[in-house]
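The values are calculated or read from the model by the stated rules, or taken from the named source; none is laboratory data. Source: prediction; values computed, not measured. Reconstructed Cβ throughout: ideal geometry from the backbone, glycine too, with neighbour counts over all protein chains shown.
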Amino acid sequence: MVKTATIDFSLQGHNFKLSSSRKFISVRAASKEFAMDLRQLRHLIAIVDQRSFSGAAKAVHLTQPALTRSMNALEQSVGDSLLIRKNNGVSPTAAGFILYEYAKMLTAGADNARAEIARLSQGLGGQITIGVGTHMAELMMSPILAKFASKQPNLSINLRTGLIEDLVPMIMEGEVELVASMVPMDRMQKGLVFERLFTTLTAIYAASDHPLSRTGGQIGFDRLVREPWVVLNSDHADVSARRMFSAGGCGFPKQILRTDSISMIRTMIETEGYLGSLPAEYMKGSRTKALDVPGMPLLRSCGLVYRADVPLRPIAVEFADLLRAELSPVNAPLA
């Protein structure tokens, strides 16, 4: 007897009921039900990602006619067209895009389930994949992960670190179950839950021996734009910088160094005469000073991000509870 699991979910205003058993997936949308082979979903993902049947056929190791037959069967099962062929490539229809978004999550879930079952068959524990923002990964996550691992000695813990704009797509596509990160609210997407755990202060810093550090009183933007700046190479850092300098009304710095390395930002501020903005925790013990600048420091929220429509597994709930306990306002490292 094959067991079937069922879950209800919604996506972009559409309500679905998902049933899965081993190889096939059955989805009910409103009053219509259709079944799909997981391979067909992988084929759809490849076509949309490659924007061509020929490129997708190579990616999934099929002939192009075989891939076309697979998509014809999927469209017949769904009862709607999924792809549009154009001169500049292939693009999904509205129905195709909805199915593509959930296909990524479903195939990622299937891969995770397969890996976890393989570990169990080898006498090992399950696994969990967690996304952690750079700020929290570098400053506070190590002891929490060690504590969690000690409670789950047979669990495989996969950590994906990055900026929030990298981590949000991972949640949406099912690559990670849970994210702990500093979260600018303009990075959030519909369908995600943000649970704030603590706040941190972000200020503009200069080296202790920098001329601006010896300036009394508030420093105007007319002086800030004359200095070289080092900033994090990310979308939300660029947005924040543009907002700040636009509000200052004195233009933008002539020299801006962008880097993915937070430690390099700190070094460039501390030893090379650059200005930069970082959370206060990074600058503790450094030879720097927070400058008195209009509109600064900024209060940033840090916490948990997860999907609203996909329940966390018990092991993910346990990790989330540990983060809540360790990073509550009482215990969290504040500026």
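The figures follow:
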quantity	calculated
Options 206, 137, 149; residue that is touching a helix residue (DSSP H, G or I) at 6+ places or on another chain (Cβ under 8 Å) and small (Gly, Ala, Ser)	206
Strands (runs of 3 or more DSSP E) wholly inside segment 1-119 containing at least 3 residues that are charged (D, E, K, R) and at pLDDT below 85	32-37
Matching residues, segment 125-159, being assigned to a helix (DSSP H, G or I) and of a type in the set (A, V, I, L, M)	136, 137, 139, 141, 144, 145, 146, 149
The one condition in (1) assigned by TED's automatic domain parsing to the domain that holds residue 255; (2) touching a residue at least 40 places away in the same chain (Cβ under 8 Å) that residue 211 fails to fulfil	(2)
Subset tally (residues that are of a type outside the set (A, V, I, L, M), outside any helix (DSSP H, G or I) and over 16 Å from residue 115 (Cβ atoms)) for segment 160-172	2
Segment 195-225 - residue that is of a type outside the set (Gly, Ala, Ser) and assigned to a helix (DSSP H, G or I) and, of those, surrounded by the most Cβ atoms within 10 Å (Cβ to Cβ)	224
Cross-chain or 6+ apart pairs with Cβ under 6 Å, segment 159-176 first and within 12 Å of residue 130 (Cβ to Cβ) and not assigned by TED's automatic domain parsing to the domain that holds residue 130, then of a type in the set (Val, Ile, Thr) and buried (at least 18 other Cβ atoms within 10 Å of the Cβ)	none
Selection count, segment 274-286, where residues are at pLDDT 95 or above and either among the hydroxyl-bearing types (Ser, Thr, Tyr) or over 29 Å from the mean Cα position of the chain (by Cα) (or both)	1
Scope segment 172-230; condition charged (D, E, K, R) and more than 26 Å from residue 98 (Cβ to Cβ); matching residues	195, 196, 209, 214, 222, 223, 226, 227
Residue in segment 130-140 that is in contact with a Leu (Cβ under 8 Å, 6 or more places away or on another chain), at pLDDT below 95, crowded, with 16+ Cβ neighbours inside 10 Å and over 22 Å from residue 175 (Cα atoms) present	yes
Among the residues listed as 202, 215, the single one being over 22 Å from residue 240 (Cβ atoms) and of a type in the set (Val, Ile, Thr)	215
Some residue of segment 134-152 being touching a Ser or Thr at 6+ places or on another chain (Cβ under 8 Å), of a type in the set (Val, Ile, Thr) and closer than 21 Å to residue 325 by Cβ	no
